[in-house]
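Report on one structure; see the data block that follows.
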Amino acid sequence: MTLPQPATSADPAFTPSQGWILVHHGSPAEVQKAIAEYDEIAREIHPGIFRVELHPQPDGRTAVLLPDGFPAYDLVNMTGWLDTPPEEIDAYGANGWIVSPTSGIKYSLMPEVENAWGDTMLGASSEGVSIRVRIPEGAASEIAQRVPYQVEPHIDLVPDPVRMEVTLDTNTKFGNPGFVVER
């Protein structure tokens with residue numbers, strides 16, 4: 001089966017972020033369900049279609065790969081969503097990696113567990129800059145707290161991953177589309 005190519009953004013300034021998400025608990029089917037639920041609530045001013053591949057790992061985790069990239073806003077928010085998706089008891093515990101489409105700097109992201117509201121993530125660049133990201137707007141800022149960069153683990157790519165598509169907003173007038181970190 002050939003999937004259609006992603007839609008061209010109605011917002012000519014849109015540049016996707018590169019990155020991926022690792023879900024620690026949940027089968028590919030459970031992760032797929034949680035992603036579909038995220039897709040249902042996502043707001044779409046300038047819709048774009050993005051492919052998602054789910055690769056089960058030998059240790060039970062699921063790698064969420066984004067072949068077309070993803071809006072930075074959604075990569076951050078989906079990582080948070082997959083960490084503790086509402087009404088999902090089987091898929092949870094996620095961290096991610098994002099490359100800023102503005103600076104080209106790669107960051108690792110993890111939930112800020114000390115925040116009971118669950119609306120922030122901590123991260124670090126591969127150069128050692130620590131950040132806090134506020135969900136849902138995706139605003140990122142440097143912080144003094146030392147957050148270690150999470151090295152990307154080796155993942156196994158399966159020949160026939162679970163494939164799906166999501167329709168997400170490519171509007172660059174909302175959130176932090178370039179994943180710019182404020183100093």
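A few comments on the model shown:
- GluC sites (Glu not before Pro) restricted to DSSP loop in segment 8-105 with at most 10 other C-beta within 10 Å: GLU87
- Dipole in debye (nearest 20) - segment 118-179, about Cα centre, beta carbon charges: Lys, Arg +1; Asp, Glu -1: 260
- Within the accessible area of the chain (1.4 Å probe), percent carbon and sulfur: 55
- Of the trypsin sites (Lys or Arg not before Pro) found in segment 10-69, those in coil by DSSP whose Cβ has at most 12 other Cβ atoms within 10 Å are ARG43.
- Value of relative contact order over the chain, rounded to a whole percent, pairs C-alpha under 8 Å and six or more apart: 29
- A 1.4 Å probe run over segment 20-74, with the rest of the protein chains in place, finds 39 Å² accessible per residue.
- P(r) weight above 19 Å for segment 85-151, C-alpha pairs, percent: 31
- LYS33/GLU114 FRET efficiency (R0 30 Å; Cβ-Cβ; nearest 0.05): 0.60
- When the alpha carbon gyration tensor of the chain is reduced to an equivalent ellipsoid, its three semi-axes come out at 23, 21, 15 angstrom, largest first.
- Ordering SER141, ILE89, LEU168 by Cα displacement along the dipole of segment 87-183 toward the positive end leaves SER141 in first place; charges were set at the Cβ atoms of Lys, Arg (+1) and Asp, Glu (-1).
- Charged neighbours of VAL76, selected by a Cβ distance under 10 Å, balance to -1 (K, R count +1; D, E count -1).
The values are calculated or read from the model by the stated rules, or taken from the named source; none is laboratory data. What you are looking at is a predicted structure, and each value in this text was computed from that prediction instead of being measured. Positions of Cβ are backbone-derived with ideal geometry, glycine not excepted, and every protein chain shown enters the neighbour counts. For accessibility, only protein heavy atoms count, side chains too; no ligands or nucleic acids. Shrake-Rupley method; radii C 1.70, N 1.55, O 1.52, S 1.80 Å.
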